[in-house]
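Throughout, read-outs are computed from the coordinates displayed, never taken from laboratory work. Because the structure is predicted, anything quoted here is derived from the model rather than measured. Backbone-built Cβ (ideal geometry, glycine too); neighbour counts: all protein chains shown.
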Amino acid sequence: MSLPADGPREPTSPGPASHGSAVTVRGLVKRYGTTTALDGVDLDVPAASVVALLGPNGAGKTTTVEICTGFRRADAGEVRVLGIDPAGAPDALRARIGVMPQGGGAYPGVRAAEMLRLVATCSAHPLDVDELIEVLGLGSCARTPYKRLSGGQQQRLALACAVVGRPELVFLDEPTAGMDPQARRLVWELVESLRRDGVAVLLTTHLMEEAEALADDVVIVDHGRVVAHGSPAELTTTGDSQELRFRARAGMDVTELAAALPTGYQAAEPAAGRYVVQGRIDPPVLSAVTSWCAAQGALADDVRITRRSLEDVFLDLTGRELRS
Amino acid sequence: MTASAPVPGRFAPGTFSPRPGRGGLGRMLAAQSALELKLALRNGEQVLLTLLIPIVLLVGLTLVGVIDLPEPRVNAVFASVLALAVMSTAFTGQAIAFGFDRRYGVVRRLAATALPRWLLVAGRLVAVLGTVVVQVVVLGLIALALGWRPDGGVATALLLVLLGCAAFGGLGLLLGGTLRAEIVLALANVVWFVLLLGGGIVVPLATLPSGLAAVAALLPSGALAEGLRIALAGADGSLLQPVLVLVAWAVVGGVAAARLVRLT
Ligand SMILES: Nc1ncnc2c1ncn2[C@@H]1O[C@H](COP(=O)(O)OP(=O)(O)OP(=O)(O)O)[C@@H](O)[C@H]1O
Ligand SMILES: [Mg+2]
């Protein structure tokens, strides 16, 4: 799509560059009765960046988003969204942000374009509604009542509603839940375009792949606590989480190999002729392994460094059992 | 970013450059209430409730003498049917729509925009008034065709209709905004039916058993219908009590709704 519905594009309010941080959350606590949904969450969304809140069902993602958008009050902690306390001035904040609530939301009998047009009217300089409907692939179901749209179509309408007002900051609660691969790619592209145009995005997801592909920073939450945060690369390479695998002549002495490496590295031969070295694999370690093999008169073949996937990090941190 | 190289052109650079700001209040109110009015008139069940049943009763009760009424019958029937129309729209229809709108997350969706909360409620009430205007016009034209002749009571009647909207509207918001959608649907329909027959709407208070009549006179249904019969059909009695009863219900319903309604 090309142009917004009206006029030039210069921001009328302070642009994202004037804020160091779009969202700052410190020590957020939220209890529902005896359940502690959030137990001291810290979170930062720098201006014009994409942050993914990743966590299993019930981790507290939606609760965090709802507090940041002024739909719930925290029991303790500090929240600043675009410099505003969402609990104190939700109306002032909502004129500047876009929200895609989990599960969307529209009149049961409304048509997609009607709903989007109403939401667009709530903003001073909205995008062109018809173009947005087309580009999000909703043109073919433009006359279908909301309650008869498929889950993925409802999600796309919700996404359109979140961005149509040209916000500075967008909250997307599970934007790709229930979408087919084509629709998911479209959403990813949209999120990248938002970042490119200077919009900050906080999104929640269960999909590691999504967090890895989209986010500048990933915050992993579980049981209302942040269990890890960092860029996808940092999260997947920290610690001794890498492995070097290679093939060579069977039966070499792996204790000798380990001794040739800095302390803390482990070497094993899990199957005949297949070797694994665990630890932080950097160039000196790689060269130490290949020279040791050469000294044994063996050629290290099929050498592979595997990075832990974000999914492995996630499962290591949050356990493998199913959540209620 | 690795996984999805953007297809060039789908979102041209600058498409999303921030330019936030709230839309005009008047435009938001107009857009929301116009859309809700359109949805109400497009929904078959709502139209059945707000237009078809009142029309059938207006024509039927005027032409068929199942209930004893003074001549010309159309005057008294028109008064009853106007009261029914207001109850159907402001209470039953609105409660059901609000209940399901909440279920489908629209209230939260709109609250997440720059639309202020008071406007969210105001928009619903304006849509209700719009439906009532349609009803008054349609039913009025049919009543004219059936021989009703407007006189000085029309202005009073319109005032009573407004008061009725306030009384039933607050109660409708209260019902639709506090319970689950299915329960709202069931309760709103039961209350509609009970008040239609026993609440002083089609059966005038004078014809109801005296105990029931005393209760019905204090209900918004009885007060509105009786007031309209006084204004439009020359029924005996003072307008003071119906007006006070409607005002009291409007205050009680409005205050309770403002405190108890959950927007999600
Ligand atoms: N309104 C509520 N009343 C009581 N408990 C609640 C309420 N909302 C959420 N919770 C609880 O708070 C915890 C966090 O819920 P939340 O919805 O924030 O999780 P989530 O990370 O968004 O999960 P999901 O991935 O399933 O959407 C859960 O244990 C949930 O049961
Ligand atoms: Mg959630």
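Data for the structure
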{"quantity": "Distance between the stretch B:98-177 and the stretch B:189-204 - C-alpha centres, whole angstrom", "calculated": "19"}
{"quantity": "B:Val247 paired with A:Glu234, simple spin-label distance in nm, labels 7 Å along Cα-to-beta-carbon", "calculated": "6.6"}
{"quantity": "FRET efficiency for B:Ile183 and B:Leu141, using Cβ-Cβ distance with R0 set to 35 Å, rounded to 0.05", "calculated": "0.45"}
{"quantity": "Under 9 Å, Cβ to Cβ, from A:Ala22 - net charge with Lys/Arg +1 and Asp/Glu -1", "calculated": "-2"}
{"quantity": "Computed FRET value (nearest 0.05) for B:Thr207 with B:Arg117, which takes r as the C-beta separation and R₀ as 51 Å", "calculated": "0.70"}
{"quantity": "Net charge of neighbours whose Cβ lies under 15 Å from the Cβ of B:Arg180, counting Lys and Arg as +1 and Asp and Glu as -1", "calculated": "+1"}
{"quantity": "Debye, to nearest 20: dipole size of the protein assembly as shown, +1 on Lys, Arg Cβ, -1 on Asp, Glu Cβ", "calculated": "1280"}
{"quantity": "Partner lysines for B:Lys38 [C-alpha distance under 30 Å; skip if fewer than 8 residues away on the same chain]", "calculated": "A:Lys147"}
{"quantity": "Under the span-like rule (Cα at least 15 Å along the axis, Kyte-Doolittle mean at least 0.5), DSSP H helices of chain A", "calculated": "A:283-295"}
{"quantity": "Most fluctuating residue given options B:Leu212, B:Leu174, B:Leu246, as computed from a GNM of chain B linking Cα atoms under 10 Å", "calculated": "B:Leu212"}
{"quantity": "The stretch A:142-267: translational diffusion in µm²/s, Stokes-Einstein, Kirkwood Rh over Cα pairs, 25 °C, 0.890 mPa s", "calculated": "135"}
{"quantity": "Charge dipole (the protein assembly as shown, unit charges on Cβ, about Cα centre) - positive-most of A:Leu82, B:Gly199, B:Thr15", "calculated": "B:Gly199"}
{"quantity": "FRET efficiency, A:Arg73 to B:Val154 (Cβ-Cβ, R0 41 Å, nearest 0.05)", "calculated": "0.25"}
{"quantity": "Most mobile listed residue (B:Phe91, B:Phe78, B:Phe16) in chain B, GNM with C-alpha springs under 10 Å", "calculated": "B:Phe16"}
{"quantity": "Cα centre as origin, Lys/Arg/Asp/Glu Cβ charges: chain A dipole, Debye", "calculated": "760"}
{"quantity": "Shielding of A:87-98 by partner chains, average beta-carbon count, 10 Å", "calculated": "4"}
{"quantity": "Set of lysines near A:Lys61 by C-alpha distance (under 22 Å), chain-local residues within fewer than 8 positions excluded", "calculated": "A:Lys30"}
{"quantity": "Average beta-carbon neighbours from other chains, 10 Å sphere, peptide A:284-297", "calculated": "0"}
{"quantity": "Relative contact order for the stretch A:231-305, counting Cα pairs under 8 Å that sit 6 or more residues apart, in percent", "calculated": "41"}
{"quantity": "Nearest 10 degrees, 0 to 90: helix B:25-42 Cα axis against chain B principal axis", "calculated": "60"}
{"quantity": "Shielding by partners - mean other protein chain Cβ count within 10 Å, residues of B:110-123", "calculated": "6"}
{"quantity": "Under 9 Å, Cβ to Cβ, from A:Pro232 - net charge with Lys/Arg +1 and Asp/Glu -1", "calculated": "-4"}
